[in-house]
Structures are given as structure tokens and as C-alpha cells.
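Contents: one structure, followed by commentary.
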Amino acid sequence: MQNSQLFNHELAQKAEKLGQLPEEWLTEIYAEKWFKLFVPKDLGGLGCTLPEALKIEEKLAKLDGSLGWTVTLCAGAAWFVGFMDESVRKDIFPDEKLCLAGSGFVGGKANKVGDRYIITGSWTYASGALHATHLTANCEILEDGKPLLDKKGMPVIKAFVLDRKDVEILDGWNYMGMIATGSHAFKCENLSVPLDRCFEILPEKAQLIAPIYQYPFLQFAEATLAANILGISKHLIELIEHSFWKRHEYRKYDKKHLRYFQNLLSQQDKKLQKLRDEFYSQVDSSWKELNENGKISESRLKKVSKISRKLTQKCREINGKLYPFAGLEAAKTHTEMNRVWRDFNTVGQHALLIFPF
């Protein structure tokens, strides 16, 4: 993270106006291969372990919420490389400016006719869609027009990787925060794609043998999102502290008020650090289990899920306790603090991490 000064308030403001990451940031992302955190080195990626990637994502989110989130979601979509056919891997992934944007929403239907799938649908919240080279989309599967059902009678769901030129981006990201993620919707109609563009995100369906592709998707998603929320929270707390002491310069708080704030800040910092340590400890333990046993126990996976959600809940509480001490500066619409606060209160709404259990 040698060029962290590049990710400054001025470029973050520019990113918000653009509604996407600016070219200066994208150039650095391509150079550092952050969109390819989980892509094997022989395909031009970093080949990171999950613990390594989480620390990178946390640092990026601390620099800027939209930056961290976009890298996390696009790198997460590129993680699907482990489940794609070799023909697709070799065709798509060597591109130095590869960027996959994806949606977890099952928004389409894919009808298998002969040696092609015909896809129609629309999908929401594809972070990074405006600079993506490809998009991933979940679809219900049909064969010759008839829905395909699994053993439980439920629709069969598979994922597809689509070329950017074959889809239409829809202006659907109109929220108060994470504006520069450009998390727009996209759609296609009667799009014909070859069979090898289809894949399934299940450990037993992995095409590559690296342990990262055996890590269960739910806990993978929960942990990467929690790392972002942690990074944004650390940024916000730093800004709140700075604002408080700036206010003190002209308000001249007495010793009683200063002591109260210092004690509160110290308590919350310790809580956050303790949770951060516990979070990484559980992820590290799960990664160790995976490497040693070839799988992760259900009890360990539950612990990873629980700490990811607990960390998110505690970030909400800590930020809520400290935020008033920033004063009205925090409510000015164009300040760095207001942007970080908006980012936190947007990303904190993610459905995966709403409940503490």
C-alpha cells in the first residue's frame, strides 16, 4: 500500500461526482492486481489466501469506502475463476484490466437449447459495473423451455459470466453512500452464450485445486464484507477524534468533558481492537483447518459467521456512541467525515450482516 496518498479526499470527492472509481485509482488497482486477489498467479492474479486478502480489503476500505467495497466485490466475482471451465479462464483472465462485477440476485432465466443457453433477465447491485469487462449473473435453468428442478423440487440455479458488451447497464444506484461503487443494475434479453459460460459455485464443482476455492461462499462473503465495515469504521473514528480536538481549540472544553471523551474513545478503541483480533483469529483458524483437513468444520464456520456479524453490530454501536462528539461538522454534506458516515450507514444495511446471530 505504498501509494496510499493517492487515495485522498479530493479524489474521493471526484469519485462521488463521477459515480465510479476515478481513472487514477483504477490505474493503481490494475497495477497492484487488487481485482485479482483470488486469481492464480499463472493467470495474472495475486493468488491470495483469505486472511491475506481480508487485510488488504480492510486497508482499502479505511482509505475510502467505495474503493474498498468495489475491490472486494469485484475480487469476489473474480474468485469464481476457480469454478469456471479452463477455456473461459484462459480466454478472460489474462487481461491486465480484467474486472468482474457480479450480482447475487437470481434475476434471470437461462434456457438450454442445443449447445447454447438463451438468457433473459435483470440483476441488481453490481458494484463496479461501469468499468467491468464482464458481469456474473445467477439464473434459473430451463431445458427446451421447461424449468429444471433439483431433488427437493426447487429450481436449479447456476451462474454465468457475460461480456460487458452483451448487457445493458441500468442506472439503479441512487443511494446516499457508497456512491462511487457504481453499483448499478444490468439486463440482457435473449442473449445466446456457449455452455462453457455457465458454472456452479460449490466446493465440489471447483475446477482449480487451491484451498481458497474450497472455502464456503457464505462465510467468504460475510468475512469480506465485515472487513470492509471494519475499515470504514476505523476511518470514521479517526475523523471523529480529529473533529473533537479541532472543536476544543475554540470551545475550550473543561477537564471533566475532555476526560469523559478520552475515556470513551479509549474504551471503544479497545473494544474494536479486541473484536478485530477475534475476527482474524477465527478466520485464521478456519483457514488452518481447511489446509490441514481439506474442509472446515461446521462449528468453525458458525464461529466465522458469528464474529463477522458481531463485528458489524459492534461497529454500529461504537460509531453511534462517538459520532455526536464530531459536532455539526459531521452533518456538513461535503466533508470527508460526512462521506465516510454515509458510506458506513449504506454498507451496514447489507442483508448478510443485519442480524447479530
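The values are calculated or read from the model by the stated rules, or taken from the named source; none is laboratory data. Just so it is clear, the model here is predicted, and its values are computed rather than measured. With ideal geometry, Cβ positions are generated from the backbone for all residues, glycine too; neighbour counts draw on all protein chains shown. The protein model used for the area step is the full one, side chains on, heavy atoms only, and it has no ligands, DNA or RNA in it. Shrake-Rupley method; radii C 1.70, N 1.55, O 1.52, S 1.80 Å.
Entry note: the stretch 123-268 has Rg to Rh equal to 1.18, where both radii use alpha-carbon atoms and Rh is the Kirkwood radius. Note on the stretch 250-309: along the principal axes its Cα atoms extend 60, 16, 15 Å, ordered by decreasing extent.
Please report, in whole Å³, the volume per residue of the convex hull around the C-alpha atoms of the stretch 1-146. Taking the convex hull of the Cα positions in the stretch 1-146, it is 112 Å³ per residue. Applying 1/(1 + (r/R0)^6) with R0 = 56 Å to the Cβ-Cβ distance of residue 144 and residue 260 gives a FRET efficiency near 0.20.
Note that the stretch 154-219 carries a Kirkwood radius of 15.0 Å, evaluated over its alpha carbons pair by pair. Note on residue 105 and residue 165: the model spin-label points, each 7 Å out from Cα along the C-beta direction, lie 2.6 nm apart. Given q = 0.09, 0.10, 0.16, 0.19 Å⁻¹, what are the Debye log10 I(q)/I(0) values for the stretch 204-357, with equal point scatterers placed on the Cα positions and solvent ignored? Evaluating at q = 0.09, 0.10, 0.16, 0.19 Å⁻¹ gives log10 I(q)/I(0) of -0.37, -0.45, -0.88, -1.10.
Dividing the C-alpha radius of gyration of the chain by 2.2 N^0.38 Å, with N its residue count, gives 1.05.
Compute the semi-axes of the equivalent ellipsoid of the stretch 183-227, taking the square root of 5 times each eigenvalue of the Cα gyration tensor, and list them largest first in whole Å.
Details: eigenvalues 131, 73, 10 Å².
Here the semi-axes work out to 26, 19, 7 Å.
When the chain is treated as a Gaussian network with alpha carbon springs shorter than 10 Å, the biggest mean-square fluctuation among 38, 220, 325 belongs to 325.
Within the listed set 45, 153, 104, the residue fluctuating most in the Gaussian network model of the chain (springs between alpha-carbon atoms under 10 angstrom) is 153.
Think of a 1.4 Å ball rolled over the protein heavy atoms: the stretch 31-71 then has 31 Å² of accessible area per residue. Projecting the Cα atoms of 262, 141, 40 onto the dipole axis of the chain, where Lys and Arg carry +1 and Asp and Glu carry -1 at the beta carbon, places 262 farthest toward the positive end.
Please state the charge dipole magnitude for the stretch 110-244, taken about the Cα centre, from unit charges on C-beta atoms (+1 on K and R, -1 on D and E), reported in debye and rounded to the nearest 20.
Working: 12 positive and 16 negative charges, 41 e Å.
Value, rounded to 20: 200 debye.
Here the Gaussian network model covers the chain, with springs between Cα atoms less than 10 Å apart; of 256, 303, 17, 256 fluctuates the most. Solvent-accessible area of residue 264, all protein chains in place: 20 Å² (probe radius 1.4 Å, heavy atoms, ligands and nucleic acids excluded).
Around the Cα centre of the chain, unit charges on the Cβ atoms of Lys, Arg, Asp and Glu (plus for the first two, minus for the last two) sum to a dipole of about 1640 debye.
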